[in-house]
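Please read the structure below before turning to the comments.
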There are 2 protein chains.
Amino acid sequence: MELKNDLLIRTAMGEAVERPPVWLMRQAGRILPQYRALRGKLSGFKELVETPALAAEVTIQPVDELGVDAAIIFSDILVIPEAMGLPYELIEKKGPLFPKTIQTATDIEQLQSGAKAATELHYVYEAIKITKQELNGRVPLIGFAGAPWTIFAYMIEGSGSKTFSKAKRFLYQHPDLAHQLLQKITDSTIAYLHKKVDSGVNLLQIFDSWAGILTPELYRTFALPYTQQIANAIKRVPLTVFAKGAWFALADIASIECNVIGLDWQTSPQYARQFVDKVFQGNLDPCQLYGQADEVKQATLSMLESFGGQHIANLGHGVYPDTPLDNVKVFVDTVKSVVYQPDHQAIKS
Amino acid sequence: MELKNDLLIRTAMGEAVERPPVWLMRQAGRILPQYRALRGKLSGFKELVETPALAAEVTIQPVDELGVDAAIIFSDILVIPEAMGLPYELIEKKGPLFPKTIQTATDIEQLQSGAKAATELHYVYEAIKITKQELNGRVPLIGFAGAPWTIFAYMIEGSGSKTFSKAKRFLYQHPDLAHQLLQKITDSTIAYLHKKVDSGVNLLQIFDSWAGILTPELYRTFALPYTQQIANAIKRVPLTVFAKGAWFALADIASIECNVIGLDWQTSPQYARQFVDKVFQGNLDPCQLYGQADEVKQATLSMLESFGGQHIANLGHGVYPDTPLDNVKVFVDTVKSVVYQPDHQAIKS
C-alpha cells in the first residue's frame, strides 16, 4: 500500500524535504483522553498490548487527534524477555517488575531465543496488520524494540533502577555470561524485527534507554556490538537508534549502519554533528510542554532552527503522561507550520 | 590544629603534590562493618545524623579502616530543607520522602531561611567539632551541602524521581517563584556552610546530584547562578563542585569560582579539560569495584593515568552499599601506591 504521507521515510532516507516530519515518543498513551477512556475499561496495560484490535486502536488515536506524521505500534520493549521465557508485570505508578530474574548460566540456557522466541509475539504482528489496514496509508507505521543492553538490564535487575548496579555488576563479574545473554536477546530481537517488517512496519526504532549509565568502555563492549548486529541484519526499512544519555559514546554510535540517531534534550545537534553524519531525531525537553502555549511555540521553533535540515522533530524522551494536550498540539502544529528554504537549512515559519 | 596529612588541601589549591589524594563519596556508610553494627542498634538514619557523637564516630570509621586522605562529615543534604521548615523522612530501601512539599507562593513565604535556618542545624556543627577533636589533625575534614537546584528538586517533587518532572514543571510554569525559592535555599546554604567552616571543616563540596536532568538553558538559568553565589560567598576554604551528569554545562561550570570540579564516570578528563582549568575529582565507575581485585587495580591505575596530575582520586558517584570492602581497599591502596614524576603528569606505580 502506498503511503499518502511519506515525509518521515523520505527524511529518514536523507532526502531533501519540504518540512521536518513530527511525531512524539509515547504519543499513544495517557496524554490522550481517548486512550484514558479505553484504558479505564481494561484490566491492565498488558491486556491492551496483547489484544491486537485494541493495540491498533490506540496506535491510531494520535494520528487522528494530533495529526502527527507517523504512528508507532502500541507495545512494550519488555515483550522480548517475556517471549524468551521471563514474564513481566507492569505495576501501576511503579513500572515494570520481573518476578524472576536472570542470575546464573542455567537461567540463560533455559531461555528460548531467535525465531522461536519471536513466534510467541503473534499478537504484535497481528496488531501491526490491523493498524496498517486501518491507517490505509495515511502515515507510516513505526515498529520498535529495546536495545539488547537495555533489555539485559531489566532481565538482571528485575525492575527499573536509578543505578542499574545489579545489571552493571553482572557485566563486571560475569562478562562471558553477559555476552551469552546479550547474544540471545539480539537473536530474538532480529527475528522479532524481521517479523514486524513482514507485517508491515515502515521504519524501525531501537530504544537504548539505559545506555547512559554505562561507561564509554562498557558501552563499546556490551552495547554497541549488539545494536550493530541488529542494524547489519535489518536493511529492509530505515532504522533509528536512540541511545538515551549516551553522549559520551556518540562517536561509536555514529559507526552503526542506521539512518537516524535520536538525541535527548541535553545533547545539542551542534555537539552531535561533530561525530554523526546522519539524520537526527529529537529533542525538545518533554517538560517544556508544561509551559505557556507561546513558550512552547517559541521553544519548538528554536529547536527546529538549531537542527536545520536532516531532522525528524520529536521530544528528547517520551511525552510525560500529565502533559497538557493543547501544548502537545502546539508542538505538532508549530513543526507542521514551517517550510524549509531551498538550501535545506534555514527555516521560514 | 595543624593537619598531619594535608595532601587533599594542597591538591585542591593547585599545588604540585607527590601523589593524588584519595577518598570516596559515601565512604562513611554501609560498606563498613563498623557502620552496619552501629546502625543496627539505632532507630534510623536520622538518629545517626542528629546525634553528634555518633555522627563523628561514623565519620572517622573510614579513616581508620580504609586509610583515606580525608574524612567527610556524616550528614545529609536534606537537612537544609528541614531547617527551612520542610521535614524529611528516609524510607529504608526507597530513599527520601517529604510528607509536605512546596506548591505555592505561600509555601515559599512560610519557609525560614538564611542564618535563622542555619541555626537549626546545631547538631551538624557539634558533630564537626567532635570529629575535628577526635581526628586530631590526621586528615582534613570535608563539609558539604546540596546545590540549590538539587535541594529545590526534592522540595517540589517530595521524593527521588527518574525524571523530576514536577520540579522541572515548576521551573517552566512558575519561574519567578522558582527563583524566590532558590534564593531562600541559597541564603540558607551560605549561612550553613559558613557555620561549618567556623566549626572546623577544611574543604567544602557542593553536590548537584540532579543537574543532569536539566537542559543547558535551564542549568544556566536556575542552577548556575545559585551555585555561583555560594562560591562567591565562601572563600575561606577550598571548594569542590560536583554537578553529576552535567557534561553539557561544563563550560558554564568552569566559570564558577571554585577550586575543584567533580566528574562522573561518563565524563573523561580529556573531554572536561576542553572547558575546565581546575583540579578534577573522580571518576571511577562505582560498579568497577564489583570486579576482581586485579581488575580494580588495573582500572584504578588507568584512571589515574587518564587524569595525570591536578587530580583528587574518587569514584564518579557515591560508593554503592553492597561493594566488597576488600575492593574498596584495593582502590585506596592503589592510589596511595603511585608517585607522580617530577613533570607532575606521568605516574609511576
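Of note:
- Any pair with Cβ under 6 angstrom, 6 or more apart, that starts in region B:52-68 at a residue that is of a type in the set (Ser, Thr, Tyr) and ends at one that is modelled with pLDDT of 95 or more: B:Thr59/B:Ala28; B:Thr59/B:Ala71; B:Thr59/B:Ile73; B:Thr59/B:Phe74; B:Thr59/B:Thr131
- Candidate set from region A:160-171 (those that are of a type in the set (Gly, Ala, Ser) and at pLDDT 95 or above); member that is surrounded by the fewest Cβ atoms within 10 Å (Cβ to Cβ): A:Ser165
- Residues of region B:277-295 that turn out to be within 14 Å of chain A (Cβ to nearest Cβ) and either within 22 Å of B:Gly212 (Cβ to Cβ) or buried (at least 24 other Cβ atoms within 10 Å of the Cβ) (or both), as a count: 8
- Scanning region B:216-254 for residues that are small (Gly, Ala, Ser) and more than 24 Å from B:His317 (Cβ to Cβ) yields a single hit, B:Ala233.
- Scanning region A:223-271 for residues that are assigned to a helix (DSSP H, G or I), within 14 Å of chain B (Cβ to nearest Cβ) and surrounded by fewer than 23 Cβ atoms within 10 Å (Cβ to Cβ) yields A:Phe248, A:Leu250, A:Ala251, A:Asp252, A:Pro269, A:Gln270, A:Tyr271.
- So B:Leu141, is it over 15 Å from B:Lys184 (Cβ atoms), touching a residue at least 24 places away in the same chain (Cβ under 8 Å) and more than 17 Å from the chain's Cα centre (by Cα): no
- Condition check for B:Gly309: under 18 Å from B:Asp208 (Cβ atoms) and of a type in the set (Gly, Ala, Ser): no
- Scan region A:1-30 for residues that are among the hydrophobic types (A, V, I, L, M, F, W, C), closer than 23 Å to A:Ala145 by Cβ and outside any helix (DSSP H, G or I) and the total you get is 7.
- All positions within region B:171-193 that are assigned to a helix (DSSP H, G or I), within 12 Å of chain A (Cβ to nearest Cβ) and either of a type outside the set (A, V, I, L, M, F, W, C) or free of Cβ contacts under 8 Å to residues at least 40 places away in the same chain (or both): B:Tyr172, B:Gln173, B:Pro175
- Test result for A:Phe74, crowded, with 22+ Cβ neighbours inside 10 Å and without any contact (Cβ under 8 Å) to a residue 60 or more places away in the chain: yes
- The residue of region A:308-336 that is nearest to the other protein chains (Cβ to nearest Cβ), among those that are more than 17 Å from A:Leu7 (Cα to Cα) and not in a loop (DSSP other than H, G, I, E, B), is A:Asn327.
- Applying the set (1) outside any strand (DSSP E or B); (2) under 16 Å from the mean Cα position of the chain (by Cα) to B:Asn283 leaves exactly one unmet item: (1).
- Residues in region B:203-216 that are farther than 22 Å from B:Gly114 by Cβ and surrounded by fewer than 22 Cβ atoms within 10 Å (Cβ to Cβ) were compared, and the one that is farthest from the other protein chains (Cβ to nearest Cβ) is B:Ser209.
- Selection count where residues are touching an Asp or Glu at 6+ places or on another chain (Cβ under 7 Å) and either without any contact (Cβ under 8 Å) to a residue 12 or more places away in the chain or within 22 Å of A:Met25 (Cα to Cα) (or both), scope region A:224-240: 2
- When region A:296-307 is filtered for residues that are within 22 Å of A:Ile31 (Cβ to Cβ), more than 11 Å from chain B (Cβ to nearest Cβ) and not polar (S, T, N, Q), the ones remaining, listed by number, are A:Lys297, A:Leu301, A:Leu304.
- All of A:Leu135, A:Leu121, A:Leu111 fail the test of being within 16 Å of A:Ile185 (Cβ to Cβ), of a type outside the set (S, T, N, Q), under 22 Å from the mean Cα position of the chain (by Cα) and at pLDDT 95 or above, apart from A:Leu121.
The values are calculated or read from the model by the stated rules, or taken from the named source; none is laboratory data. Since the structure is predicted, the reported quantities are computational estimates derived from the model, not experimental observations. Every residue, glycine among them, receives a Cβ derived from its backbone with ideal geometry; neighbour counts consider all protein chains shown.
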